[in-house]
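Q: Okay, handing you the structure first.
The values are calculated or read from the model by the stated rules, or taken from the named source; none is laboratory data. In this text, all values refer to a predicted model and were calculated from it rather than measured experimentally. Every residue, glycine among them, receives a Cβ derived from its backbone with ideal geometry; neighbour counts consider all protein chains shown.
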Amino acid sequence: MNEQEKEKRFVANVKKALDLGEENLDAGTQSKLTRIRHQALDAGEHHEAPIRRWFMLPVAGLATACAIVLGVAIYLKQPAGLQTNLEDLDLLVAEENLEFYDGLEFYAWLAE
């Protein structure tokens, strides 16, 4: 039996014991427990620290501003060191037979 099955069995046993205990409670105690439970749930839903809320607003604004500045900087930056070589461009757009360029290294070696 692995740990997951043991945990499931334990949780099922605890749930069964608590359910049996709940059935044996009188109506006044059940009413008090229900009211306290609803109060706790309502307090948990509406309990957000106002400081946290106000703190996150400037942080989110700063993050957005940084993202915009970075995006504009990348967009406007000209690529440095990327100069177009017109001879290479001519080779790429040429419709000639490019077999000559396949053996270019051989011709360079032959010239030595």
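Q: So which of Gly44, Gly81 is at pLDDT below 85, at positive phi and surrounded by fewer than 10 Cβ atoms within 10 Å (Cβ to Cβ)? Give the steps one after another, and end with the answer.
A: Numbers: Gly44 fails: at positive phi.
The match here is Gly81.
Let's see how each residue does on (1) surrounded by fewer than 10 Cβ atoms within 10 Å (Cβ to Cβ); (2) modelled with pLDDT under 70; (3) within 46 Å of the chain's Cα centre (by Cα):
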{"site": "Ala49", "(1), (2), (3)": "yes, yes, yes"}
{"site": "Leu62", "(1), (2), (3)": "no, no, yes"}
{"site": "Val72", "(1), (2), (3)": "no, no, yes"}
{"site": "Phe100", "(1), (2), (3)": "yes, yes, no"}
{"site": "Glu112", "(1), (2), (3)": "yes, no, no"}
